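Chemist: Got a structure here, written out as structure tokens. Questions coming.
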Amino acid sequence: MKWSPTLHLIAGISAIAGAIALGGAWIAGNGTFLGFSQQHLYNDVMSLLLLSIAVGIGARYHQKEKS
């Protein structure tokens, strides 16, 4: 089984979710957005983007490994 396409998909989805959370944090200001505080959304952004980077590196590694 090739892991590269699956890992690329996971990296893309987590990056998009991180971008949406960042937009929500900006909209929240000092209040909340969809029930989440601004600080909570910023923490989500950091987690999701770090996940995206890590999985993206893994995808590149597996892509080159199979070549």
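The values are calculated or read from the model by the stated rules, or taken from the named source; none is laboratory data. Note that the coordinates shown come from a computational prediction; the quantities given were computed from them, not determined experimentally. Note that each Cβ is placed from the backbone with ideal geometry, even for glycine, and that neighbours are counted across all protein chains shown.
Chemist: Just give me the residues in region 7-40 being touching a strand residue (DSSP E or B) at 6+ places or on another chain (Cβ under 6 Å) and of a type in the set (A, V, I, L, M), in sequence order.
Modeler: Correct list: 27 only.
Chemist: How many of the residues in region 20-40 are touching a residue at least 12 places away in the same chain (Cβ under 8 Å) and within 26 Å of residue 59 (Cα to Cα)?
Modeler: Qualifying residue count for the region: 2.
Chemist: I would also like to ask the following. Need pairs with beta-carbon distance below 9 Å; first residue in contact (Cβ under 8 Å) with a residue 12 or more places away in the chain and more than 11 Å from residue 15 (Cβ to Cβ) and within region 45-58, second outside any helix (DSSP H, G or I) and not basic (Lys, Arg); sequence gap 6+ or separate chains.
Modeler: Here the result reads 58/3, each pair linking region 45-58 to a residue that is outside any helix (DSSP H, G or I) and not basic (Lys, Arg).
Chemist: Another one. Within region 1-39, take every residue that is loosely packed, with under 12 Cβ neighbours inside 10 Å and part of a loop (DSSP other than H, G, I, E, B) and give me the one that is modelled with the lowest pLDDT.
Modeler: Among those residues, the one meeting the criterion is 1.
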